[in-house]
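Visitor: Okay, handing you the structure first.
The values are calculated or read from the model by the stated rules, or taken from the named source; none is laboratory data. Worth saying up front: this structure is predicted, and the values here are computed from it rather than measured. Because the Cβ atoms are built from the backbone with ideal geometry, glycine has one as well, and the counts that use them run over all protein chains shown.
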Amino acid sequence: MNSPKNTQLHWQENGLEHSALWQTDSGARQPSRVETVSKLDADSAYRLASAGTGLLWRGDFQTARQLLQGMTQRLDSAARRKKKTPTTNAAESFAEHRKAQALRVRVLGQLLIEVAGDYRIALKRAPDVVQTCTEAWGPPDGQPRVVSLRSLQGLIGAHEWRKKGVPIPALGGAHIHPHHGVFSPVRGEYVDLVAQAPLPAALQHTPVAFDLGVGTGVLSAVLARRGVARIIATDLSPRALACAQDNLQRLGLHGQVELLQTDLYPRGQAALVVCNPPWLPSQPSSVLDLAIYDPDSAMLRGFLAGLATHLCTGGEGWLILSDLAEHLGLRTREQLMGWIKDAGLKVLGRLDTRPRHAKAQDTSDPLHAARAAEVTSLWRLGVA
């Protein structure tokens, strides 16, 4: 499960050469140099991290957490002091937003923790992260790793979400348990759309549905609970397929869903094809970004291009898509409608909903205007 970008990190300590696997899922770059530290004030840490120095922590673990908070405060203060060039459109605002996110990952990712080959941390007051790391990286292999404290906190958070799960109203309040690296259905409005849309009549004679990009399995579970007899769910990610299998077994629905590792479509035709592609046509910077950013709208366009040949007579394709990209100037409605037409498809209907997440009401968010105007839609598509 290790990222192919992971390499060996080298440093000197007590006159000896040391090395460990540089473990990153967050897109953080390997430090250009590493210093071991056990005491450091936040100003010095922020200055060194900004210059690209990795700070391998040897002191108390909880002190490291406090130091990271101090570095975050200094990064935020520096961002507020920086004289900003006014952006002229939403696309420029989005570009500035992503630039600021990349800087945050780079600077705050320089505070480092060594994790032993058995996934234990040899620091005072360090938490037990054996199960956390096993879920994210696979069973311990004896290889020591260095990971940023910020990334490690993300793994711990993902572990807690996996334990308690996310309640899904469309499943009667049953929980979906997201695994590390698999997009969590915390924004439930798109799930509700799949629960509410009228099922195509073609399911009566062809009781098969495809779920493209299964993720946690939440949409397959909703379709199964709605009575779809057979669902073939696909994904390229082994993490996603394992997560979906786990959730479908927990819900007692695994008998209705066949999981398949492939890009988009399985063989054959279906009466219903559901796809919830990443909503923003931009380049992901980490494995965690893959559920958010779809470079050049590749998955969206692939779904549309293949839909007509994979629908049985009277079948429907359900495209779940936010129009946030349109409000950010990353894609136009005309482009979307053109791709639908070019694929030999027509719009049979559309269900819309407004986002309910906190950022839509956060006026301090740099993308607030776009988020406040956002609409998430389920497009019902058929063969023209």
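Visitor: Based on this model, can you work out whether Gly59 counts as in a loop (DSSP other than H, G, I, E, B), at positive phi and either modelled with pLDDT of 95 or more or not assigned by TED's automatic domain parsing to the domain that holds His180 (or both)?
Guide: On the way: in a loop (DSSP other than H, G, I, E, B): yes; at positive phi: no; either modelled with pLDDT of 95 or more or not assigned by TED's automatic domain parsing to the domain that holds His180 (or both): yes.
No: the conditions fail for Gly59.
Visitor: Which of the following residues is of a type in the set (A, V, I, L, M, F, W, C) and not assigned by TED's automatic domain parsing to the domain that holds Gln269: Leu203, Leu155?
Guide: Numbers: Leu203 fails: not assigned by TED's automatic domain parsing to the domain that holds Gln269.
Going through Leu203, Leu155 in turn, just one is of a type in the set (A, V, I, L, M, F, W, C) and not assigned by TED's automatic domain parsing to the domain that holds Gln269: Leu155.
Visitor: Within the range 248-262, work out how many residues are free of Cβ contacts under 8 Å to residues at least 24 places away in the same chain and either in contact with a His (Cβ under 7 Å, 6 or more places away or on another chain) or polar (S, T, N, Q) (or both).
Guide: Here the count works out to 1.
Visitor: Can you pull out the residues in the range 263-308 that are free of Cβ contacts under 8 Å to residues at least 40 places away in the same chain, of a type outside the set (Gly, Ala, Ser) and under 19 Å from Leu319 (Cβ atoms)?
Guide: Asp263, Pro278, Tyr293, Asp294, Pro295, Asp296, Leu300, Arg301
Visitor: For the range 255-268, how many residues are touching a Gly at 6+ places or on another chain (Cβ under 9 Å) and surrounded by 17 or more Cβ atoms within 10 Å (Cβ to Cβ)?
Guide: Adding up the residues that qualify gives 4.
Visitor: Also, quick follow-up: May I ask you to verify whether Asp323 is in contact with a helix residue (DSSP H, G or I) (Cβ under 9 Å, 6 or more places away or on another chain), within 20 Å of Ser220 (Cα to Cα) and not aliphatic (A, V, I, L, M)? Full working, then the answer.
Guide: Numbers: in contact with a helix residue (DSSP H, G or I) (Cβ under 9 Å, 6 or more places away or on another chain): yes; within 20 Å of Ser220 (Cα to Cα): no; not aliphatic (A, V, I, L, M): yes.
Taking the combined requirement at face value, the residue does not satisfy it.
Visitor: Any residue at all in the range 213-231 that's surrounded by fewer than 21 Cβ atoms within 10 Å (Cβ to Cβ) and touching a Ser or Thr at 6+ places or on another chain (Cβ under 8 Å)?
Guide: The answer is no, given that none of the residues of the range 213-231 is surrounded by fewer than 21 Cβ atoms within 10 Å (Cβ to Cβ) and touching a Ser or Thr at 6+ places or on another chain (Cβ under 8 Å).
Visitor: Here's something else I'd like to know. Find the residue count for the range 320-354, including only residues that are crowded, with 19+ Cβ neighbours inside 10 Å, free of Cβ contacts under 8 Å to residues at least 60 places away in the same chain and of a type in the set (A, V, I, L, M, F, W, C).
Guide: Here the count works out to 7.
Visitor: I want to confirm something. Restricting to the range 22-56 and keeping residues that are at pLDDT 95 or above and touching a Pro at 6+ places or on another chain (Cβ under 8 Å), which single residue is surrounded by the fewest Cβ atoms within 10 Å (Cβ to Cβ)?
Guide: Checked the range 22-56; the qualifying residue surrounded by the fewest Cβ atoms within 10 Å (Cβ to Cβ) is Thr53.
A quick yes/no check of all residues on (1) without any contact (Cβ under 8 Å) to a residue 40 or more places away in the chain; (2) exposed (fewer than 14 other Cβ atoms within 10 Å of the Cβ); (3) farther than 24 Å from His327 by Cβ:
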site	(1), (2), (3)
Asn89	no, yes, no
Ala95	yes, no, no
Leu108	no, no, yes
Arg150	no, no, yes
Leu171	no, no, yes
Asp192	no, no, no
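Visitor: Looking at this structure, is Gln283 within 14 Å of the chain's Cα centre (by Cα), of a type outside the set (Lys, Arg), surrounded by fewer than 19 Cβ atoms within 10 Å (Cβ to Cβ) and in the same structural domain as Ala343 (by TED's automatic domain parsing)?
Guide: Values: within 14 Å of the chain's Cα centre (by Cα): yes; of a type outside the set (Lys, Arg): yes; surrounded by fewer than 19 Cβ atoms within 10 Å (Cβ to Cβ): yes; in the same structural domain as Ala343 (by TED's automatic domain parsing): yes.
Taking the combined requirement at face value, the residue satisfies it.
Visitor: Which of the residues spanning the range 104-129 are in a loop (DSSP other than H, G, I, E, B), touching a Leu at 6+ places or on another chain (Cβ under 8 Å) and not β-branched (Val, Ile, Thr)? Break it down into steps so the answer makes sense when it comes.
Guide: Initially, the range 104-129 is screened for residues in a loop (DSSP other than H, G, I, E, B), giving 109-110, 116-129.
Filter once more, keeping what is touching a Leu at 6+ places or on another chain (Cβ under 8 Å): 110, 129.
The one that is in a loop (DSSP other than H, G, I, E, B), touching a Leu at 6+ places or on another chain (Cβ under 8 Å) and not β-branched (Val, Ile, Thr): Gln110.
Visitor: Tell me whether the range 5-12 contains one or more residues that are closer than 12 Å to Leu111 by Cα, out of contact with any Asp or Glu (no Cβ under 9 Å at 6 or more places or on another chain) and at pLDDT below 95.
Guide: There is no residue in the range 5-12 that is closer than 12 Å to Leu111 by Cα, out of contact with any Asp or Glu (no Cβ under 9 Å at 6 or more places or on another chain) and at pLDDT below 95.
Visitor: Among the residues of the range 355-365, how many are at pLDDT below 70 and surrounded by 15 or more Cβ atoms within 10 Å (Cβ to Cβ)?
Guide: 2
So that you can scan it fast, the table gives a plain yes or no per residue for (1) modelled with pLDDT under 95; (2) assigned to a helix (DSSP H, G or I); (3) not acidic (Asp, Glu):
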site	(1), (2), (3)
Leu307	no, yes, yes
Gly315	no, no, yes
Glu326	yes, yes, no
Gly329	yes, no, yes
Trp339	no, yes, yes
Val347	no, no, yes
Arg350	no, no, yes
